[in-house]
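The values are calculated or read from the model by the stated rules, or taken from the named source; none is laboratory data. Since this is a predicted model, take the numbers as computed values, not measurements. Cβ sites come from the backbone with ideal geometry, for glycine too, and all protein chains shown count toward neighbours. Heads up: the accessible areas ignore ligands, DNA and RNA and are worked out on the full protein's heavy atoms, side chains in. Shrake-Rupley method; radii C 1.70, N 1.55, O 1.52, S 1.80 Å.
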Amino acid sequence: MISIDGLTVEFGGTTLFSDVSFVINDKERIALMGKNGAGKSTLLKVIAGAKNATRGKVSAPKDAVIAYLPQHLLTEDDRTVFEEAARAFSRLHEMEQEINRLNETLSVRTDYESDEYAAIIERVSTLSEQFYSVEEINYDAEIEKILLGLGFLRSDFGRPTSEFSGGWRMRIELAKILLQKPDLILLDEPTNHMDIESVQWLEEFLINSPGAVMVISHDRAFVDNITTRTIEVTMGRIYDYKVNYSKYLELRKERREQQQKAFDEQQKMIAETNEFIERFKGTYSKTLQVQSRVKMLEKLALVEVDEVDTSALKLRFPPSPRSGNYPLIVEELSKSYDDHVVFSNVGFSLERGEKVAFVGKNGEGKSTLVKAIMKEIPFSGKLTLGHNTHIGYFAQNQASMLDEELTVFQTIDDVAVGEIRTKIKDMLGAFLFSGDEIQKKVKVLSGGERTRLAMVKLLLEPVNLLILDEPTNHLDMRTKDILKNALIDYDGTLIVVSHDRDFLDGLVGKVFEFGNKRVKEHIGDIYSFLKNKKLENLKELERKQ
C-alpha cells in the first residue's frame, strides 16, 4: 500500500494542486484523468520521486519498487536493445553485491552482542530473502518474452538502440519497467507510439500484473479495459471514483449538474440578500438585520463549479468536390529498400465516400504506402488517382512542418477562405486555443499544441480524399471526439493510419491489415477485424499443433 498525504505543488506563486491525499492499494489499476495542464504528469512524477512536492509526502514500504515511464525519454546509445533491457535487473546485481559486502563485514566483526551487529544480520536476512526469491528467474527468457510482446523481432535484439526511433526507445524503457515486476507501475501516455497488437499485449500484461498500476492515457479503449478506478485532477484538487473511465464520465456529469444547481441557488440567495441590504441599509429599524446579512455574506463559502469545456462547436469539413467513382486504384504495388521488401503485389481500390483504416505492426509499411500514394517515394506497380481527386494529407510529422514564425491565428487565417474566416476563433477554441493563446507564435507551442493546430489547418482545405497518418497521438479525448465526429460527417473518401481502436470504432467500415510483406483487406469495422484476427490466430495455432 502506497499513501499520498497532503501533496501540494506550487510554481512561481501559482498552485497546481493543493492538499491532495489518497491511497494506492495492492493490485489496483488506476486511471489519472484531467484536462491538459491540470497537473496529472506532475502528480505522477512526485509519486515516482522524480519531482519534489512543495508540501506533503509519499509513503511506501521500505523495499517497495516504484517504476515510472515518462512521456519523453532517451535510452543510452551505446548498448544493444537486449543489453538495455537487461539493465532492468541491475537492482538484483546491486542487491547481491550488498549481501556480499555485508557478509564480509560480519566475518571480521567480533561485537556479536552489539545493536550494530544485530542490524547488519537483519539487513542481510531481509536482502537474502528478497534476492533468493527471484534468483531462479531465467533472465534471458524473460527479456525475450517482454521484447517480443512489445513488438520487437529477435533480429532487433542485437541492434544498437541508436538505430531506433523515439517510439521504439520508449518501448525499450517500458520493457525494463515490466521486467522489474514493480509494486507500482506509473505510465504517462504509454500507447502513443504502439500499434494495435502491442497495445493489446500491454493491456493483457497489466491486467495480469501482480503490482498496482497508475496510468495517464488518452486512449479510451485502453483505459477502459485495464482500469477499475479513476482519479480526476481538476482545479487544484482531486475526485476519486471507484469505477472505470466510461462510468466515471457518467458520475462526473451528475456531480457537475449537482454543483451547478447548488451554485445557481446560492447565487440567487446572494442576489436577494444584496437587494435587501441595498434596500434597507439606511433604515434605522432594519440596522441589525442589515449588519447580520452583511456578516453572513462575508463568511459565506462560495460554491465552485468544476471546469467544463464550454465550446460545443461541431466542426465540419468543407463539402468535398465530387470525385470519380474510384478515387484510388492500386495494382501490383511493391516497395523495397535494397534487400528489404516492405510489401509486394498490393492491390485494392477505394470507392467514393469509403472510410478505411490501415492497421498492423509498426514497420510493416502503412506509412510507406501512404507516401507512395502521395508520390513522395519511388515504387514499382501502378497507382491511379481517379477523376478530379484532390488529396488532403496529415503526415506523422505534420506538426513540425508549420511556419514557426507565424502566430496560431495567422496560421489559420492564411489558409481560411469564405464564410469560415468569421469562425476562426471558434474553431481554434474547439481545439483548445483561446484568449491570448491564439497570439502565441508556433515556435513556442508544445508538440501536442502543434498537432492540434495542424489538424485545424487541415479542416479548412476542400479535398475529397483525406489521408491521416496517426492523427491522434497527441490529442486529448475531447479533441479526438471533435475530430472523429467531423470525420464521420465528412462526405469524401478517408484513409486513416491509426492504432487507436476507440477512434476507429464507428468511423471506418473496412480495414486493411499490413503484415508479412502483404496487405489484406477485411470488410467490417475495427472490432470485427480484431475479433476475426483472434479466431485466425487460434486456427493457425491448431494447424501448428
Item to check | Of residues in segment 158-204 being more than 16 Å from the chain's Cα centre (by Cα), modelled with pLDDT of 85 or more and surrounded by fewer than 19 Cβ atoms within 10 Å (Cβ to Cβ), the one nearest to ALA141 (Cα to Cα) | outcome: GLY158
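Can you confirm whether TYR326 is open to solvent by 80 Å² or more (accessible area, probe 1.4 Å) and under 21 Å from LEU487 (Cα atoms)?
Against the criterion (open to solvent by 80 Å² or more (accessible area, probe 1.4 Å) and under 21 Å from LEU487 (Cα atoms)), TYR326 qualifies.
So, in segment 350-364, how many residues would count as being open to solvent by 10 Å² or more (accessible area, probe 1.4 Å) and closer than 13 Å to ILE523 by Cα?
Keep residues of segment 350-364 that are open to solvent by 10 Å² or more (accessible area, probe 1.4 Å), which gives 351-355, 360-364.
Narrowing the set further to residues that are closer than 13 Å to ILE523 by Cα leaves 354-355.
Here the count works out to 2.
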Next on the checklist: Scan segment 115-131 and tell me whether some residue there is among the aromatic types (Phe, Trp, Tyr), surrounded by 12 or more Cβ atoms within 10 Å (Cβ to Cβ), under 23 Å from ASP63 (Cβ atoms) and at pLDDT below 80.
Outcome noted: yes
Item to check | Conditions (1) open to solvent by less than 50 Å² (accessible area, probe 1.4 Å); (2) under 26 Å from PRO61 (Cα atoms); number of the one not met by PHE152 | outcome: (2)
Checklist entry - Out of (1) assigned to a strand (DSSP E or B); (2) touching a helix residue (DSSP H, G or I) at 6+ places or on another chain (Cβ under 7 Å), what's the single condition that is false for MET427? => result (1)
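Considering only residues that are basic (Lys, Arg) and touching a helix residue (DSSP H, G or I) at 6+ places or on another chain (Cβ under 9 Å), look in segment 3-58 and name the one that is nearest to ILE207 (Cα to Cα). Give the derivation first.
Kept after step one, since they are basic (Lys, Arg), are these residues of segment 3-58: 27, 29, 35, 40, 45, 51, 55, 57.
Now drop any that are not touching a helix residue (DSSP H, G or I) at 6+ places or on another chain (Cβ under 9 Å), which leaves 29, 35, 51.
Working: ARG29: 8, LYS35: 25, LYS51: 28 Å.
Ranking the candidates gives ARG29 first.
Can you spot a residue in segment 352-366 that is in contact with a strand residue (DSSP E or B) (Cβ under 7 Å, 6 or more places away or on another chain), on the phi > 0 side of the Ramachandran plot, at pLDDT 80 or above and in a loop (DSSP other than H, G, I, E, B)? So that I can check it myself, show each step before the final result.
Keep residues of segment 352-366 that are in contact with a strand residue (DSSP E or B) (Cβ under 7 Å, 6 or more places away or on another chain), which gives 352-361, 364-366.
Within this subset, residues satisfying the condition of being on the phi > 0 side of the Ramachandran plot are 353, 360, 365.
If we keep only those that are at pLDDT 80 or above too, we end up with 353, 360, 365.
Among the residues that remain, those that are also in a loop (DSSP other than H, G, I, E, B) are: 353, 365.
Checked against the condition, which is being in contact with a strand residue (DSSP E or B) (Cβ under 7 Å, 6 or more places away or on another chain), on the phi > 0 side of the Ramachandran plot, at pLDDT 80 or above and in a loop (DSSP other than H, G, I, E, B), segment 352-366 yields at least one hit.
Right, VAL370: open to solvent by less than 80 Å² (accessible area, probe 1.4 Å) and touching an Asp or Glu at 6+ places or on another chain (Cβ under 8 Å) or not?
Values: open to solvent by less than 80 Å² (accessible area, probe 1.4 Å): yes; touching an Asp or Glu at 6+ places or on another chain (Cβ under 8 Å): yes.
Taking the combined requirement at face value, the residue satisfies it.
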Checklist entry - What is the number of the single condition among (1) among the hydrophobic types (A, V, I, L, M, F, W, C); (2) over 30 Å from GLU163 (Cα atoms); (3) within 46 Å of the chain's Cα centre (by Cα) that VAL108 does not meet? => result (3)
Checklist entry - Does any residue in segment 346-358 that is of a type in the set (Val, Ile, Thr) come within less than 6 Å, Cβ to Cβ, of a residue that is open to solvent by less than 40 Å² (accessible area, probe 1.4 Å) and outside any strand (DSSP E or B) six or more places away or on a different chain, and which pairs are these? => result VAL356/VAL508
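State whether the residues of segment 100-110 include one that is within 30 Å of LEU7 (Cβ to Cβ), in a helix (DSSP H, G or I), open to solvent by 70 Å² or more (accessible area, probe 1.4 Å) and of a type outside the set (Phe, Trp, Tyr). Working first, answer last.
First, pick out the residues of segment 100-110 that are within 30 Å of LEU7 (Cβ to Cβ): none.
The answer is no; no qualifying residue exists.
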Checklist entry - Can you pull out the residues in segment 386-420 that are over 22 Å from HIS474 (Cα atoms), modelled with pLDDT under 90 and assigned to a loop (DSSP other than H, G, I, E, B)? => result ASP414, VAL415, ALA416, VAL417
Next on the checklist: Restricting to segment 86-131, give me the number of residues that are farther than 17 Å from VAL65 by Cβ and of a type in the set (Phe, Trp, Tyr).
Outcome noted: 2
Checklist entry - Restricting attention to segment 15-70, which residues are in contact with a Phe, Trp or Tyr (Cβ under 9 Å, 6 or more places away or on another chain), open to solvent by 20 Å² or more (accessible area, probe 1.4 Å) and of a type in the set (A, V, I, L, M)? => result ALA48, ALA50
Checklist entry - Which condition breaks for ASP436 when tested against (1) open to solvent by 20 Å² or more (accessible area, probe 1.4 Å); (2) touching a helix residue (DSSP H, G or I) at 6+ places or on another chain (Cβ under 7 Å)? => result (2)
